[in-house]
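Structure first, commentary second.
Taken together, the values in this text are just the output of simple stated rules run on the coordinates, not laboratory data. Owing to the predicted nature of the structure, the values given are computational and were not obtained by experimental measurement. Glycine gets a Cβ as well: all are built from the backbone with ideal geometry, and neighbour counts include every protein chain shown.
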Amino acid sequence: MTDKFNLAGVSFDSRLIIGTGKYRSHSEMQDAHRASGAEMVTVAVNRVPLDRKTESFLDFLDPKMMILPNTAGCYDVEHAVRTARLAREALETDWLKLEVIGDPVTLLPDNEQTLEAAKILVSEGFIVLPYFSDDLIMAKKLLDSGCPAIMPLASPIGSGMGVQNPSNLRIMREQLPDAVIIVDAGVGVPSDAAKALELGADAILMNTAIAEAGNAAQMAEAMKLAVRAGRLAYLSGRMPKRLYASASSPIEGAIS
Amino acid sequence: MKITVNGEEKEIESGLNLSEVLDRLITLDHKIAVELNKNVIRKKDWETTEVLDSDELEIVHFVGGG
């Protein structure tokens with residue numbers, strides 16, 4: 001496969017990045033990860049329970065997977081920055097999915113605080129992949145702050161609503177032709193993933209759509225195929241949309 | 001003395017370094033990170049960092065997430 005996905009100096013074959021949350025069992029997660037073909041997975045930073053021995057979650061991940069820690073659950077710059085520093089210390093990675101949430105009901109990002117946190121973390125040497133609301137101007141500011149990619153949402157986290165604003169995604173693609181765009185959050189079914197890639201997203205990040213599927217591994221494979229289909233369609237160039245028909249068979253020469 | 005660990009108040013003897021405090025609090029050997037009064041303390045510095053009365057510790061590891 002020559003169509004590599006290049007991100008911050010690393011080359012991936014897969015354009016699908018997946019989460020590790022909400023699976024019913026570790027083995028189900030492992031099967032889904034294998035079926036997805038993903039090469040990078042996200043993990044969350046959380047307090048160690050003091051009252052019991054806990055297992056090391058990381059031991060259940062394929063050692064070949066690149067691990068991308070997130071700052072989920074952070075509602076302000078300070079907590080996001082502290083969580084990022086803890087993640088780096090524990091994992092010895094500079095890579096980070098930056099999330100600064102603005103509201104517990106929608107889990108929509110606080111774009112303003114995300115930008116502020118991104119600036120601090122970039123200055124500390126982090127490779128910041130910011131999750132944000134799909135806004136072109138914020139995308140530009142995040143890229144200017146030194147983020148190697150931008151991660152606009154498709155719809156709220158865990159909603160399964162798919163790409164709610166395809167125009168914004170298309171505008172970002174057209175106006176930021178060199179930017180690495182990873183659609184993050186809101187995918188429900190493979191057609192949502194295909195749509196995002198068709199619109200020009202370079203990659204897609206999802207968790208719930210696979211973890212909450214009745215058969216997670218099978219859905220993971222479906223997502224893998226959809227991401228590939230969407231990417232090939234984008235590279236191929238779609239036909240123009242027309243209001244009226246355009247005959248596929250010759251009109252002249254039909255019998256009268 | 002009293003310290004706060006992951007939001008919980010804990011009674012612990014004084015004069016211990018961070019490494020000794022962690023030994024008393026958790027039974028883990030996997031990848032964790034520790035913050036003392038909002039500053040990350042690197043593992044190599046645990047034994048030389050004294051834990052004082054009223055200190056606040058955060059001990060984290062990784063869990064599933066998206």
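Counting Lys +1, Arg +1, Asp -1, Glu -1, what net charge surrounds A:Asp103 among other residues with beta carbon under 15 Å of its beta carbon?
-4
Taking a cut-off of 19 Å between Cα atoms, list the lysines near B:Lys31, but don't count ones fewer than 8 places away on the same chain.
Hits, sequence-local ones excluded: A:Lys53, A:Lys64, A:Lys97, B:Lys43, B:Lys44.
Starting from the Cα gyration tensor of the stretch B:2-60, take the square roots of the eigenvalues, sort them a ≥ b ≥ c, and report rounded, prolate or oblate (rounded when a/c is under 1.5, otherwise prolate if a/b is larger than b/c, else oblate).
rounded
So if I take the alpha carbon set of chain A, get Rg, then get Rh from the Kirkwood formula, what is the Rg over Rh ratio?
1.03
Let me check against my output: what whole-number percent is the relative contact order of the stretch A:1-40, with C-alpha pairs under 8 Å and at least 6 apart?
40
Please grab the % of Cα pairs in the stretch A:129-222 that end up more than 18 Å from each other.
In whole percent, the long-distance tail amounts to 39.
If r is the Cβ-Cβ distance from A:Lys64 to A:Leu225 and R0 is 22 Å, what FRET efficiency results, to the nearest 0.05?
Efficiency, from the Cβ-Cβ distance: 0.60.
Before anything else, pin down the relative contact order of the stretch B:2-60: Cα pairs under 8 Å, at least 6 apart, normalised by residue count, whole percent.
Relative contact order of the stretch B:2-60: 50 percent.
Under a straight-distance cross-link criterion of Cα-Cα below 17 Å, which aspartates and glutamates are reachable from A:Lys119, leaving out those fewer than 8 residues away in the same chain?
In chain and number order, the partners are A:Asp76, A:Glu78, A:Asp94, A:Glu99, A:Asp110, A:Asp144.
Among A:Lys241, A:Lys141, rank each residue by its count of other Cβ atoms within 10 Å, from fewest to most, as a rough exposure measure.
A:Lys241, A:Lys141
Among A:Ser14, A:Met66, A:Val81, flag the residue with its Cα farthest along the positive direction of the charge dipole of the stretch A:5-236, charges on Cβ as +1 for Lys/Arg and -1 for Asp/Glu.
Farthest towards the positive end: A:Ser14.
At 0.36 nm per residue, minus the direct Cα-Cα distance, what do A:Glu252 and A:Ser123 gain on full extension? Give it in nm, one decimal, please.
My answer for the length gained is 39.8 nm.
Could you work out how far helix A:166-175 tilts from the main Cα principal axis of chain A, as a 0 to 90 degree angle to the nearest 10?
90
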